[in-house]
Amino acid sequence: MRNFKAVLKRELKSYFESPVAYVFIVIFLLATSGCTFFISRFFENRIATLEPFFIWHPWLYLFLVPAVGMRLWSEERKSGTIELLFTLPITLWEALAGKFVAAWLFIGIALVLTFPMVLTVAYLGSPDYGIILSSYLGSFMLAGGFLAVTCLFSAMTKNQVISFVISVVACFAMLMLGVGVFTDFLNRYLPVWLSDAISAFSFFTHYQGFQRGLIDSRDLVYFISVIVFMLAANALVLERKKAE
Amino acid sequence: MIAVQSLTRHFGSIKAVDNISFTVGKGEILGFLGPNGAGKSTTMKMITTFLPPTSGTATVGGFDVIAQPLEARAKIGYLPESSPSYRDMNVFDFLMFAAEVRGYDGDERLNRVKKIMETCNLKEVAYQQIDTLSKGFRQRVGFAQAFLHDPEYLILDEPTDGLDPNQKQEVRNLIKQMGREKCIILSTHILEEVEAVCSRAIIIGEGKIVADGSPEELRSRSKLHGAITLELIGVEAKDALAGLEKVQFVDRVTDLTPSAAEGGAEKNGKKVIRLRLYPMSGKSIAHETASFIHQKNWQVDGFTVEKGDLNEVFYSLTKGGVAR
Ligand SMILES: Nc1ncnc2c1ncn2[C@@H]1O[C@H](COP(=O)(O)OP(=O)(O)O)[C@@H](O)[C@H]1O
Ligand SMILES: [Mg+2]
């Protein structure tokens, strides 16, 4: 636990000591509000709901989360610090969890900084705060899912650009499995039970649950299991690849 | 004690380390010597638990690197090749992180870090980002990280690589000083370094141990060991060669005089010749040679008994040749 905390603190600190963190936060805030106000025409609708805000999160995370996570392991491997890290008396899981949670918290901080959105809807009318809360939770879980995927691919290569591109593609696939156009397409060729099963694996399907204001334990369990599964795969990859 | 038992590591079809065994005890400074690609780093990565061996194992202070890696790591201070560190951090934060993971907290942690920064002369750059430091300072940061917990075992992979001569000397002194109560393995391809700091040297070539002994022992395996290099003034080379070859236990004599084309050699207008006398195996020829010269009343300008050349031993052992 001590080592987990040490890694987490080190990682978080290094985010805020580099300009990249602030650039990321600014881009995240600009992009979320830009989409909400200019594409979804939030004000013109004059409806006190944050739906037009949260609807964009999957698509923004698709690029922003891999941008945060791409360096997690590829940089350690490239610069050789991984040799330092794994010859300190620290377990693989402590290091893995520490790095993952730090990046997740960092995205969480960016998410919390979107609170002016909540103030705006509160000004427009009386929104359902339950839905807003569950939507935020869903958004955070979705970010965790994307991040876990990115972590895994960043362990596979020393090249951050490759790690970014593969992560975006993989996240896109995890998302699309449940998006309307794709499920309609599947329905045409596959039996319904199969296409339903496939879309049940999608980030999108489970993200939508939260947007309806329901905190369904199945959606939570889904995201947590995806994260744990990806991190377990990550651990295996690191074991094999760390010394290359 | 570090005990390495039949350690082997393959990378695909390459046998980077091939069945290496040795033990190192307290107070020893073992120089791990070999050309690039010999398998020095790979061996060290296995001893420090970073790389799993293909077969064989090692124990550090009684802890098996495969079965008890965390216990082994706690006892080791390791400086990886080219001393990597988190370059976006400053020196102080980096060492505080290492100290935390090493299990120190509160005042003890702070004191440890302060003390090690003093030992390694890092105080002036304490709050500087590691990325902006010169190679010499970065190396010191690596050392500080490795020495922080006052480990019993130190594994240093090319500790003086990339340093200037003064810094090299500084590092060697530091290592010698530490070596008294610790057990140190350092790798290098610089032979003077082994002679300067190591109490024992292991030469490896292509993943195998090809020699193991003190630097003096290794040097004595050189063809040059016990040979005499002689400079004589005003003596004809022909006469000198013919005479010296008959001295007892002299195996052969070679003429090292620079040829006339190379300018020859002269001293005060007289010709100087330079000869080398090789002894028969295991014999000493200094006394006999000296009395022979005395008897001839030749004028001597130089008389050196060669200790042997580690370079030569190293070269012959690692190029497939055989040293005597
Ligand atoms: N991660 C790796 N993958 C493949 N081959 C490797 C790897 N690490 C080392 N080698 C090979 O193993 C051999 C020994 O390398 P190394 O231990 O680094 O040598 P040294 O440190 O003595 O210069 C070399 O032939 C090198 O190419
Ligand atoms: Mg090496």
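Structure summary
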{"quantity": "The listed residue being among the polar types (S, T, N, Q), within 16 Å of ligand 1 (Cβ to nearest atom), over 20 Å from B:N173 (Cβ atoms) and in the same structural domain as B:L174 (by TED's automatic domain parsing), out of B:T42, B:T59", "calculated": "B:T42"}
{"quantity": "Any chance A:T49 is on the phi < 0 side of the Ramachandran plot and either within 14 Å of chain B (Cβ to nearest Cβ) or at pLDDT 95 or above (or both)", "calculated": "no"}
{"quantity": "Residue match in the range B:202-214 (condition: outside any strand (DSSP E or B), under 30 Å from B:V250 (Cα atoms) and away from ligand 2 (no atom under 16 Å from the Cβ))", "calculated": "yes"}
{"quantity": "Residue match in the range A:26-49 (condition: within 18 Å of A:S154 (Cα to Cα), out of contact with any Pro (no Cβ under 9 Å at 6 or more places or on another chain), hydrophobic (A, V, I, L, M, F, W, C) and not in a loop (DSSP other than H, G, I, E, B))", "calculated": "no"}
{"quantity": "Residues located in the range B:3-39, provided they are assigned to a strand (DSSP E or B), touching a helix residue (DSSP H, G or I) at 6+ places or on another chain (Cβ under 7 Å) and more than 14 Å from B:P53 (Cβ to Cβ)", "calculated": "B:I29, B:G31, B:F32, B:L33"}
{"quantity": "Meets criteria (away from ligand 2 (no atom under 15 Å from the Cβ), surrounded by fewer than 23 Cβ atoms within 10 Å (Cβ to Cβ), of a type in the set (F, W, Y) and more than 21 Å from B:I190 (Cα to Cα)) for B:F11", "calculated": "no"}
{"quantity": "Residue match in the range B:98-105 (condition: more than 9 Å from chain A (Cβ to nearest Cβ) and over 32 Å from the mean Cα position of the chain (by Cα))", "calculated": "yes"}
{"quantity": "Unique residue being within 14 Å of chain A (Cβ to nearest Cβ), closer than 20 Å to B:G207 by Cα, away from ligand 2 (no atom under 16 Å from the Cβ) and without any contact (Cβ under 8 Å) to a residue 60 or more places away in the chain when the list is B:T23, B:T54", "calculated": "B:T54"}
{"quantity": "Every residue from the range B:281-307 that is charged (D, E, K, R), within 38 Å of the chain's Cα centre (by Cα) and not in a strand (DSSP E or B)", "calculated": "B:K283, B:E288, B:E306, B:K307"}
{"quantity": "Flag for B:P80 being more than 9 Å from chain A (Cβ to nearest Cβ) and within 16 Å of ligand 2 (Cβ to nearest atom)", "calculated": "no"}
{"quantity": "Unique match (being crowded, with 18+ Cβ neighbours inside 10 Å, under 24 Å from B:D309 (Cβ atoms), in the same structural domain as B:S134 (by TED's automatic domain parsing) and away from ligand 1 (no atom under 15 Å from the Cβ)) among B:P165, B:P151, B:P215", "calculated": "B:P215"}
{"quantity": "Among (1) within 14 Å of chain B (Cβ to nearest Cβ); (2) in a loop (DSSP other than H, G, I, E, B), the one test that A:P127 misses", "calculated": "(1)"}
{"quantity": "Number of the condition not met by B:R87 [criteria: (1) within 9 Å of chain A (Cβ to nearest Cβ); (2) within 16 Å of ligand 1 (Cβ to nearest atom); (3) not hydroxyl-bearing (S, T, Y)]", "calculated": "(2)"}
{"quantity": "Hey, B:L122 more than 11 Å from chain A (Cβ to nearest Cβ), away from ligand 1 (no atom under 16 Å from the Cβ) and at pLDDT 95 or above or not", "calculated": "no"}
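The values are calculated or read from the model by the stated rules, or taken from the named source; none is laboratory data. This is a predicted model, so every value here is computed, not measured. Heads up, the Cβs are rebuilt from the backbone with ideal geometry, glycines too, and the neighbour counts pull from every protein chain shown.
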